[in-house]
Amino acid sequence: MATMAEAIPLPDASASEPGSQREHLMLDPRPRGEMNDMVMESMHTTSKKFWGMVIFLVLTVLFALVGAWVYMIAEGMGVTGLTRPVYWGIFIVDMVFWIGISHAGTFISALLRVMKYEIRRPFTRAAELMTTFGLIQAALCIFIHLGRVWLAYWLVPYPNGRDLWPNFHSPLMWDFMAITTYVIASTMYLFMPLIPDLAMARDRSTGWRKTLYRVTSLGFRGTEAEWKHLKTAMNIFAFAIIPVMFSVHTVVSWDFAMSTRPGWNSTVFGPYFVIGALHSGIAAVMIVLFMIRSTMKNMKYFIRPEHFDFLGKLSLIISMAWAYFFFNDYLVPWYGGNKFEQLLLDFHAHGPFAWVWVSMLICNIVIPWAILWNKKWRRSPWLMLVIGIVINIGMWIERFVIIPVSLTITRMPFTWRIYKPSIEIPITIGTFALFMLLYMLASRLIPLVPVWEVQEGQNAHTLRKVGKAKIPSVGDID
Amino acid sequence: MADTLTLLALFADIDPTVLAIDKLHEMGITDEKMDIVSGIPFNQEVLGRPKLSTFIPRLAMGGAMIGLIAALFFIFGIPGLYPIRVGGQPMFPIPVFFIVAFELTMLGLMGTAFLGLFLAGRFPAYEPKMYIPEISDGKIAVVFPCSVEMQAQFKDAMLSLGAEQVRSVEAKSL
């Protein structure tokens, strides 16, 4: 092919033209200095609207999350809607939901890095940040659910005066270990590729920002040895964190599946939870990318319709996989004929929460399948925002159906009672507000686009003339 | 011994940089004495330089072993010290071991890989270093020592190969 094809220079940067090569970020390079300035400008630019939103979120966190939690601690768990037989309610729903959200960062960043998917480059950081902030919410939900949160340290294995160690035979302990591992690993994985961008920010900042970036960039200069060590460590992480990601949601599913409750004791729960996590996580990335693109300066250059298209395709495939696992999880107990399993399935489809169950199927299957098959629609950021929100509503509902709704039907019918959440609702709103607040503040401190990775990708791309066509070609630069 | 200084030649692209490295070899500067500073990573094959090694993978394997040993202690040591019968399970259950062992092994692996980055890269390093901010704008710098008498010769050689600037640098705070 070498004789037939000749490499031709990439076009100069200008407004991307639909249908041309320039609509692809990797084929529309700009000088590195210009890209740096664009990212720095996006971090430095704030408006009254931004600060208004920050104040609103701070107040929401203070009243809905902190205030309600303090009230719950003072009054006891009786102020929640938890009662027999539903002892796990919305706090656990939220915990599972946020862990699911956290999966997208690792999936997009690590898996696509290992597979050398070039399209990942501009939005890995945005997704990784979601992982860390999502896990903070998940951990918070566990502490809230504990009730007597001041005894949380009992989970930590250390020699103590009580002569009592945590029970490592318990799925709850596995969960503690898996989430701890994932929080630590994903935070480190967020930080490592950030170092060169923090160094870039250091070179372009003054005042307190200069001090902040100087400290956090650790004195990085970009020598051969520094790059070698950084790339090696990042490679180790990219391979190691993928199975950890799968293990975390599998272990979360075992919190339920290891019991013999109807609806929970399922061998398919592990992969079903993992695929559900990816479903909500990828959808959340779509929401975040839309927000970044539409509210931050210069981000339209980095985040393009091609990225929404890619995420839309991924989301469609994951939606199909989720439907497959859901059907597996439904069919076996339905066919098995166990009385309480049958009662539970009937309760899902025809009980007072039937509308919730049906909404779950509409949000997770019907709407994504109806929209995401169309390339033109996938390339519409607005529509992808709507799809992202719909899928996340569907996935939150899925966890609601699995946990409090399923707990309603036990093998002791005299205990059946409908779960009515109370203080859980403001606390849930508070966790969402805290996630948004953290993300908004981080967007002004952390370069959300890994500029060095974008430039590395653009350097690896060329247009190759084959016959009469110009074909994008990627060199393996790693 | 003649006075030496450190020169920095700044290039806009990788191709002239590689030519400059070859020229420096010809002029007697060995690979050990020069360093390449860049805003994106280039592997050693691209630069035509000897491969660099790093001890991070070995350290990470050590960390994984420590994690595994911790898991062995948690699963087999603790029930031995504080025996509690749970749910009819054996005191030393093998399947449970795999779960705890996996999580702790991976935590050990990644924790030490992260630590290794600090040790191998000698981070954090806040003392003055030879650096110019243009590097993060995508420029590539070749840093090498030369004697004061040879300075002009090296400068001409680098400029003729496309260097945008050649100047002596001194360590400064980043």
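Every read-out reported here was derived from the displayed coordinates using simple, explicitly stated rules and does not represent laboratory data. Everything numeric in this text was worked out from a predicted model, so none of it was measured. A quick note on method: Cβ atoms are made from the backbone with ideal geometry, for glycine too, and the neighbour counts reach across all protein chains shown.
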_Crossing angle, helix A:207-216 versus chain A [Cα axis fit, 0-90 degrees, rounded to tens]_ = 80 degrees
*asked:* Going by average Cβ density within 10 Å per residue, which order do the peptides A:392-403, A:148-159 take, highest to lowest?
replied: A:392-403, A:148-159
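Explain nothing, just the number: relative contact order of the range A:246-322, from Cα pairs under 8 Å at least 6 residues apart, as a whole percent. Don't jump to the answer; show the numbers that get you there.
On the way: 48 pairs, mean separation 22.3, N = 77.
After rounding, I find 29 percent.
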*Between A:LYS375 and B:ILE84, what is the spin-label point distance in nm, taking each point 7 Å from the Cα along the Cα→C-beta axis?*
5.9 nm
*asked:* If I model a spin label as a point 7 Å beyond the Cα along the Cα-Cβ vector, how far apart are those points for A:VAL58 and B:SER53 in nm?
replied: 5.4 nm
*Restrict the search to the range B:5-95; then list the chymotrypsin sites (Phe, Trp or Tyr not before Pro) that DSSP places in a loop and that have at most 13 other Cβ atoms within 10 Å of their Cβ.*
B:PHE55
*Förster-model FRET efficiency, 56 Å R0, A:ASN328 and B:ASP3, C-beta, rounded to 0.05*: 0.15
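Taking only the C-alpha atoms, wrap a convex hull around the range A:90-173 and report its volume per residue in Å³ as a whole number.
124 Å³
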*Is it possible to state the helix-based mean residue ellipticity at 222 nm for chain A, with each DSSP H run of 4+ residues giving -39500 (n - 2.57), the sum divided by total residues, to the nearest 500 deg cm²/dmol? What is it?*
-20000 deg cm²/dmol
*FRET efficiency, A:ILE425 to A:GLU41 (Cβ-Cβ, R0 56 Å, nearest 0.05)*: 0.90
*How far, in degrees from 0 to 90, does helix A:305-336 lean away from the longest principal axis of the Cα atoms of chain A, to the nearest 10?*
20 degrees
*Expressed in nm², what is the orientationally averaged projection area of the convex hull enclosing the Cα positions of the protein assembly as shown?*
34.6 nm²
*Quote to one decimal, in nm, the extra length available between B:MET61 and B:ARG167 on full extension: 0.36 nm per residue of separation minus the C-alpha distance between them.*
33.8 nm
*the range A:408-467 to the range B:126-165: how many Å between their Cα centroids?*
44 Å
_List the trypsin sites (Lys or Arg not before Pro) within the range B:110-174 that DSSP assigns to loop and that have no more than 14 neighbouring Cβ atoms inside 10 Å._
B:ARG122
_Sequence-separation-based contact order of chain A, relative, with Cα cut under 8 Å and 6+ spacing, percent_ = 31 percent
*Residue (of B:GLY62, A:ALA257, A:ILE282) at the positive-pole extreme of the protein assembly as shown, dipole from beta-carbon charges*: A:ALA257
*Taking every Cα atom in the range A:138-240, find the radius of gyration and the maximum pairwise distance Dmax, and write them in Å.*
19.6, 55
*asked:* Past 18 Å, Cα to Cα: identify those pairs from A:LYS116/A:LYS231; A:LYS48/A:LYS297; B:LYS33/B:LYS129; A:LYS228/B:LYS51; B:LYS23/B:LYS155; A:LYS231/B:LYS23, in the order given.
replied: A:LYS231/B:LYS23
_Give me P(r) over the range A:206-287, computed from all C-alpha to C-alpha distances, binned every 5 Å, as integer percentages._
3, 12, 12, 12, 12, 11, 12, 9, 7, 5, 4, 1, 0
_In range of the label at A:ARG411: residues from the range A:327-347 whose backbone nitrogen is under 16 Å from the point 7 Å along Cα→Cβ_ = A:337-344
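Using DSSP to call loops (not H, G, I, E or B), can you name the trypsin sites (Lys or Arg not before Pro) in the range A:433-478 whose Cβ has at most 14 other Cβ atoms within 10 angstrom?
A:LYS468
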_Can you give me the distance in nm between label points at B:GLU149 and A:ALA469, each placed 7 Å from the Cα along the Cα-to-Cβ direction?_
6.3 nm
_Magnitude of the charge dipole, the protein assembly as shown, Cβ model with Lys/Arg +1 and Asp/Glu -1, debye to 20_ = 1400 debye
*Shielding of B:129-140 by partner chains, average beta-carbon count, 10 Å*: 6
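Let me have the 222 nm mean residue ellipticity of chain B computed from DSSP H runs of 4+ only, each contributing -39500 (n - 2.57), with the sum over all residues rounded to the nearest 500.
Using -39500 (n - 2.57) per qualifying helix, the result is -13500 deg cm²/dmol.
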*Using just the C-alpha positions of the range A:332-420 as equal point scatterers, what log10 of I(q)/I(0) does the Debye formula give at each q in 0.13, 0.26 1/Å?*
-0.53, -1.24
*With no solvent and one point per C-alpha, what does the Debye sum give as log10 I(q)/I(0) for chain B at q = 0.15, 0.19 Å⁻¹?*
-0.89, -1.20
*For the range A:383-477, the Rg and Dmax computed from alpha carbons only, in angstrom*: 24.5, 77
*Take peptide A:454-460, look around each residue's Cβ out to 10 angstrom, count Cβ atoms belonging to other protein chains, and average those counts.*
2
*At a Förster distance of 41 Å, what's the computed FRET efficiency of A:ASN167 paired with A:LEU361, Cβ-Cβ distance as r, to 0.05?*
0.60
*Equivalent ellipsoid semi-axes for the range B:64-146, as square roots of 5 times the alpha carbon gyration tensor eigenvalues: give them largest first, rounded to whole Å.*
50, 12, 9
*asked:* For peptide A:195-206, what's the mean number of Cβ atoms from other chains within 10 Å of each residue's Cβ?
replied: 3
*Which value, in debye to the nearest 20, describes the size of the charge dipole of chain B about its Cα centre when Lys and Arg Cβ atoms bear +1, Asp and Glu Cβ atoms bear -1, and nothing else is charged?*
880 debye
